[in-house]
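K.L.:
Before I ask anything, here is the structure I am working with.
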Amino acid sequence: MKTYTDLELLSLSKGKRFVYKLKCFFCAIPGFFKKLGIGIYNAVKKLGIGIYIFFRDIVMTFIEGDYKTKVSYLIMGFGNITRKQVLRGILFLVMEVVFIWYMIAMGGYYVGKLNTLGTVQPQHLDDGTIIYGDNSFKILLYGVLTIFFIVAFIYTWYLNIKQNRINEQILKEEKQLTSSKDDLRALVDKNFHKTLLTLPTLGIIIFTVLPIFFMILVAFTNYDANHNGVSNALFGWQGFTNFSQIFSWNSGANSFSATFGEVLLWTLIWAFFATFTNYFLGMMVAMLINKKGIKLKKVWRTVLVMSIAIPQFISLLYVSKMFDYHGIINDVIVKCGGEAIHFLDNDASPWVARITVIIINIWIGIPYLMLVTTGILMNIPADLYESANIDGATKWQQYTKITLPYMLFVTGPYLLTSFTGNMNNFNVIYLLTGGAPHPQTMANNAGQTDLLITWLFNLAIKDSNYALGAVIGIMVFVVVALISVVVYNIIPSTKNEEEFQ
Amino acid sequence: MKRKLLLASALAIALGSLASCSFIFNYVVPSYPGDNGGIGEDTGVEDAGTYNIRIWCDERIVNLTKTQVGNFVNQAKDENGNQKYKINLSIDASGEDKTAASMLEDVQNGADIYVFAQDQLAKLQKGGALAPISGAMEAAVKRETEQVGIDAATINKKLYAFPFTSDNGYYLMYDKSIIPDDKVQNIEDIVSICEQKNKIFNYPVFANGFYSASYFMSKGLDCESIWEIDASNKFSGYVDTYNTEKGFIAAKGIREIRKHASVFGNDDLPGKFGNGLAACVTGSWNYPVAEKLLGANLGCAPMPYFTVDGQRYHISSFSGYKLIGVKPQTDPKKVSVCKRIARYLSNQVCQLERFAAVNWGPSNIADLQNPTVMSSPGLKALRDQQEYSKPQRQCPSSWFSTLSSMVGSIEATSTDSELRAALKLYELNLETMIGD
């Protein structure tokens, strides 16, 4: 395919330019997959080499090490203590003791039961007494925690061996080993980054990574109201059964896959409109207020900012009452001679309800966007507009050639996070419609304004179907991640970082 | 002396007028020395001792329940006349709509004794959150409660809770200044008056499965949805007669009423009495709101008739009960004491005390005969409706939403074949609930 230079491209007509770009897009697809393949290959190769080095170090250190190093394989920290690195040695030893104690006290039990998630069912006796058996929930949670702990222990054990090897090397070179005092000093000097990052990293692992891992695993179980894992029946692994409900396509009434498709489609439509209507209208309001000659600018801004001060759920509940069948909006319509409309309730037409929530969201979202864009608009160099005026550009041309590209450049990442945020915008939908209307044809009581996140809430909290909720959660993650990766690589903010610098 | 007399008379008049504001405040609970239900009944366990017990109940009865448990402790004596139990009690306010969900979220850490709505029974039993009641206690409860109440607390022939109130059903409340008493027998009359006077008749038949069923269960149509529960506590099958000729008649009736602009289907309209609302179908939980707004103008009546093809059918309703249940315990003694307390809280005296305090309708047969209970307008309407009402049987939780979706779709139908299609779709959806 012929490649045009920038000048040649600009000389083409709009239609030809579009066709050329389309061709470029499709021609780049094989290259993208090739690059992806090479990337995966390199990553796997790197991992393989890493594993090889890991085992090689362990074996070679044992063969070549002295007795202190060899004992350290069993008694962690022995090499450090005997080489007068007492603090390090004690820390390694403490880690080993805690690990052994934990595994004996509980870790062993939970890991041992992880393959079944428990076998001893609770027994309900006729007199109302219960004999609790295993607890599937705890087995899964602590089992995962124990696996994390085991991995952390193996890594520490490897560090302990590696340190022995390094220490032997230093001593062979007749250099001095670092003392405990040096280690402590390093914590606020050379290793200060480690000191600062230890707690946040632990926090992220325990409060973010662990729950995500747990949720992913729940998706492969039958954890629901009939199997709560404690007082009625244990839950267990069931492979991809939950996922198959989504992917085994069935277009009939009450089909889970069809419902999932409809909810997903609406989630994407909603996220698109909720993001871009607010963005452009917010920008428009900001431009209007910024315009020369507009009086009382501060008053207009304050009025809009005040609406942010009211908690969103209060505004939403109030607006939902306004749009109620007996609300003020319908009162006005009826008084004007019209017929009352079902805007948001179960009798509403799906598209009326959907358009209404988008409009209400505009009403709520504009002040935020007005605030965000006001500052950015003020930062656009005025000389750009002056040059455009001299060249005879119209206001519209100035907007599309200067304002919009600049705004998109600066707010590109914001737009992306806003889009993903709107995909998970629980409040607006839950408080306005609760997912309604709920037609007969949708499975699991999903509604036509339900987003994946509100549906997930209903599945998990109202129906106690935690496993299916987890599957939806994973699907939300996949969709959001995919969109984020693709869009992040397209937006000018990351592609042409220096465009406006 | 004269001054004292005057003061006493003034006080008496003031108290009298206060008391006459509502029958709730002037009713004195008679004492029943013989009724100590729950205290002495044989549970097969010697359970004297000290216990930590946690109760969840509606906030309106927290203090009363505390007093009643105190009475239980004081009345329970061993053979030497010493107190048999020491109860370290904690009572948390928890609305019946939230209690089941909270219990099922974490049964082990949930309340030991809790009050819940009848429709949550299957869920709770399935979740392993209810201890069965048997032996002397079961026999006593069955003796003292109507069969409908026993059915409400029974699954697979096992009693799982004590009937606590019998007023969780719904009936017609109306503004007497708009609708005369003799015009509340037929829904067509109610609607026609509302249209003439530009007022609202609220009937959540279109939005809420709990009310949607009322048309289908009407006397003469008697549609049923009976669900079987297997040994693993899953819904394993059903007999459902909604998609039949009789169901079709009910659906036609609903479509007919839906055509009228004065008929609304919101859940929470009683607050509009005095502000455009002429009548509404609701339950005793809304009686205080309606009474506050309408005062003497508030009328209560059983559900009206509707007419299809010249034939009249009396609209049915669910006879709802509140129940009090006990969580299974690892200690047989504790489960025995918890059952005693729950039984005591649901006995004749305690139910009457609750009626006097918060106007909750008793489920105890003797209490139901009580003249003061019988004179309560809301409870009287419920009693009159009882002939036409049906017990709320155990069914999958999604049944209600499926039913309301079907009724909701009736509005959009204009031909009989579309109406039949909506019923057919409802029937198809029932299949998906098997295994819930």
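K.L.:
Using DSSP to define loop residues, name the trypsin sites (Lys or Arg not before Pro) in region A:235-306 whose beta-carbon has at most 15 other beta-carbon atoms within 10 Å. Let's see the in-between values first.
P.N.:
Values: sites: A:Lys291, A:Lys292, A:Lys295, A:Lys297, A:Lys298, A:Arg301; in loops: A:Lys291, A:Lys292, A:Lys295.
Sites meeting the loop and neighbour criteria: A:Lys291, A:Lys292, A:Lys295.
K.L.:
Share of antiparallel DSSP beta bridges in chain B, in percent to the nearest 5?
P.N.:
Numbers: 32 of 52 bridges.
Antiparallel bridges: around 60 percent, rounded to the nearest 5.
K.L.:
Using alpha carbons only, how many degrees (0 to 90, rounded to 10) separate the axis of helix B:245-258 from the longest principal axis of chain B?
P.N.:
80
K.L.:
log10 I(q)/I(0), Debye, Cα-only region A:255-495, no solvent, q = 0.14, 0.16 Å⁻¹?
P.N.:
Treating every Cα as an identical point scatterer, log10 I(q)/I(0) equals -1.01, -1.19.
K.L.:
Compute the relative contact order of chain A as a whole-number percentage, counting only Cα pairs closer than 8 Å that sit 6 or more residues apart in sequence. Before the final figure, lay out each step's value.
P.N.:
Values: 523 pairs, mean separation 69.2, N = 501.
The normalised contact order for chain A reaches 14 percent.
K.L.:
Residues of A:223-234, mean number of Cβ from any other protein chain within 10 Å of their own Cβ, rounded to a whole number? Present the calculation step by step, with values, prior to reporting the outcome.
P.N.:
On the way: counts 0, 1, 8, 8, 1, 8, 0, 5, 12, 9, 5, 0.
Partner Cβ neighbours, averaged per residue: 5.
K.L.:
Further question on the same structure: Report the normalised scattering of chain B as log10 I(q)/I(0) at q = 0.08, 0.09, 0.14 Å⁻¹, calculated by the Debye formula with identical scatterers on the alpha carbons.
P.N.:
For chain B at q = 0.08, 0.09, 0.14 Å⁻¹, log10 I(q)/I(0) is -0.50, -0.62, -1.29.
K.L.:
Over chain A, with a single point scatterer placed on each C-alpha, what log10 of the ratio I(q)/I(0) does the Debye formula yield at q = 0.08, 0.09, 0.11 1/Å?
P.N.:
The computed values of log10 I(q)/I(0) come out as -0.83, -0.99, -1.21.
K.L.:
Thinking of region A:23-64 as a set of Cα atoms, what percent of all their pairs are more than 14 Å apart? Before the final figure, lay out the partial values.
P.N.:
Values: 557 of 861 pairs.
Counting pairs separated by more than 14 Å, the tail of P(r) holds 65 percent.
K.L.:
Rg and Dmax of region A:1-155 over Cα atoms: what are they, in angstrom?
P.N.:
When restricted to Cα atoms, region A:1-155 yields Rg and Dmax of 29.4, 89 Å.
K.L.:
Separate question: How big, on average over all directions, is the shadow cast by the Cα convex hull of region A:72-239, in nm²? It would help to have the intermediate numbers written out before the result.
P.N.:
Working: hull surface 51.5 nm².
The orientation-averaged projected area of the Cα hull of region A:72-239 comes to 12.9 nm².
K.L.:
A follow-up question, please. Label A:His193 and A:Lys21 with points 7 Å out from Cα along Cα→Cβ: what is the distance between them in nm?
P.N.:
Taking the simple label geometry, A:His193 and A:Lys21 are separated by 4.0 nm.
K.L.:
Another question, then. Which three extents, in whole angstrom, do the alpha-carbon atoms of the protein assembly as shown cover along their principal axes, largest first?
P.N.:
The Cα atoms of the protein assembly as shown stretch 107, 87, 71 Å along their principal axes.
K.L.:
List the accessible area buried at the contact between A and B, summed over both sides and calculated with a 1.4 Å probe, in Å² to the nearest 100.
P.N.:
Values: alone 30210 and 19300 Å², together 46840 Å².
Buried area between the two chains comes out at roughly 2700 Å².
K.L.:
Next question, about the same structure. Give the long-range amide H neighbours of B:Asn186: residues separated by 5 or more places, or on another chain, with amide H under 5 Å away, using H modelled in the peptide plane at 1.01 Å from N.
P.N.:
B:Tyr305
K.L.:
Over the whole of A:121-127, what's the average partner chain Cβ count within 10 Å per residue? Rounded to a whole number, please. Before the final figure, lay out the partial values.
P.N.:
Numbers: counts 0, 3, 1, 6, 5, 5, 14.
Taking all residues of A:121-127 together, the mean is 5.
K.L.:
Checking the table B:Lys199/B:Lys322; B:Lys322/B:Lys424; A:Lys138/B:Lys234 against a 27 Å threshold on Cα-Cα, which pairs fail? Mind showing how you got there, number by number?
P.N.:
Working: B:Lys199/B:Lys322 33 Å; B:Lys322/B:Lys424 33 Å; A:Lys138/B:Lys234 24 Å.
Going by Cα-Cα distance, B:Lys199/B:Lys322; B:Lys322/B:Lys424 fall outside the 27 Å limit.
K.L.:
Ok, one more. Using only the alpha-carbon atoms, how far is helix A:14-64 inclined from the longest principal axis of chain A? Give it as 0 to 90 degrees, nearest 10.
P.N.:
Between the helix axis and the principal axis of chain A, the angle is about 10 degrees.
K.L.:
Please report, as a whole percent, how much of the solvent-accessible surface of region A:23-64 comes from carbon and sulfur atoms (probe radius 1.4 Å).
P.N.:
Numbers: 2830 of 3570 Å².
Here carbon and sulfur together make up 79 percent of the probe-accessible area.
K.L.:
Within region A:124-188, report the GluC sites (Glu not before Pro) that DSSP leaves as loop and that have at most 16 other Cβ atoms within 10 Å. All intermediate terms of the calculation are to be shown ahead of the outcome.
P.N.:
Working: sites: A:Glu168, A:Glu173, A:Glu174; in loops: A:Glu173, A:Glu174.
Filter output for region A:124-188: A:Glu173, A:Glu174.
K.L.:
How are the alpha carbon pair distances in region A:51-122 distributed across 10 Å bins from zero to the largest one, expressed in percent?
P.N.:
18, 29, 29, 15, 7, 1
K.L.:
While we're looking at this one, here's another question. Using Cα pairs under 8 angstrom and six or more residues apart, how large is the relative contact order of region A:72-239, in percent? Don't skip to the end; give the middle numbers.
P.N.:
Details: 172 pairs, mean separation 45.3, N = 168.
Relative contact order for region A:72-239 comes out at 27 percent.
K.L.:
Assuming R0 = 25 Å, can you tell me the calculated FRET efficiency for the pair B:Leu428 and A:Val352, based on Cβ-Cβ distance, to the nearest 0.05? Could you put the intermediate results ahead of the total?
P.N.:
Details: r = 27 Å, r/R0 = 1.06.
Once the sixth-power term is evaluated, E becomes 0.40.
K.L.:
A further question on this structure: Run lengths n ≥ 4 of DSSP H only: what is the helix-derived mean residue ellipticity at 222 nm for the protein assembly as shown, with -39500 (n - 2.57) per run over all residues, to the nearest 500?
P.N.:
Details: 41 runs with 521 residues, N = 937.
Taking each H run of at least 4 residues, the total per residue is -17500 deg cm²/dmol.
K.L.:
Related question: At 0.36 nm per residue, and after removing the present C-alpha to C-alpha distance, how many nm does the segment from A:Ala28 to A:Val487 gain when stretched out fully?
P.N.:
Details: separation 459, 0.36 × 459 = 165.24 nm, distance 1.62 nm.
Net length gain for the segment: 163.6 nm.
K.L.:
Which whole number gives the average count of other chain Cβ atoms within 10 Å of the Cβ atoms across peptide B:397-408?
P.N.:
Numbers: counts 5, 5, 0, 1, 8, 4, 1, 4, 9, 2, 2, 8.
Per residue, the average neighbour count from other chains is 4.
K.L.:
Just to be sure I follow the definition: excluding the sites themselves, where is the longest run in chain A that has none of the chymotrypsin sites (Phe, Trp or Tyr not before Pro) in a DSSP loop with at most 12 other Cβ atoms within 10 Å?
P.N.:
Details: sites that count: A:Phe240, A:Trp249.
It works out to A:250-501.
K.L.:
Another question, then. What are the extents of the Cα atoms of region A:408-501 along their three principal axes, in Å, largest first?
P.N.:
Dimensions of region A:408-501 along the principal axes of its Cα atoms: 54, 26, 21 Å.
K.L.:
Give the relative contact order (percent, whole number) for chain B; include only Cα pairs under 8 Å separated by 6+ residues. Kindly include the intermediate steps, with their values, before the conclusion.
P.N.:
On the way: 790 pairs, mean separation 106.6, N = 436.
Value for chain B: 24 percent.
K.L.:
Return the loop-located trypsin sites (Lys or Arg not before Pro) in region A:103-187 (DSSP other than H, G, I, E, B) with at most 10 other Cβ atoms within 10 Å of their own Cβ; answer none if there are none.
P.N.:
Details: sites: A:Lys113, A:Lys138, A:Lys162, A:Arg165, A:Lys172, A:Lys175, A:Lys181, A:Arg185; in loops: A:Lys175.
For trypsin sites (Lys or Arg not before Pro) across region A:103-187 that sit outside H, G, I, E and B with at most 10 neighbouring Cβ atoms in 10 Å, the list reads A:Lys175.
K.L.:
What is the helix-to-structure angle for A:404-423, meaning the angle in degrees between its Cα long axis and the longest Cα principal axis of chain A, kept from 0 to 90 and rounded to the nearest 10?
P.N.:
The answer is roughly 70 degrees.
The values are calculated or read from the model by the stated rules, or taken from the named source; none is laboratory data. Being a predicted model, the structure only gives us computed values, none of them experimental. Counting neighbours? That spans all protein chains shown, and the Cβs are built from the backbone with ideal geometry, glycine included. Just the protein is used for accessible areas: all its heavy atoms, side chains included, with ligands, DNA and RNA removed. Shrake-Rupley method; radii C 1.70, N 1.55, O 1.52, S 1.80 Å.
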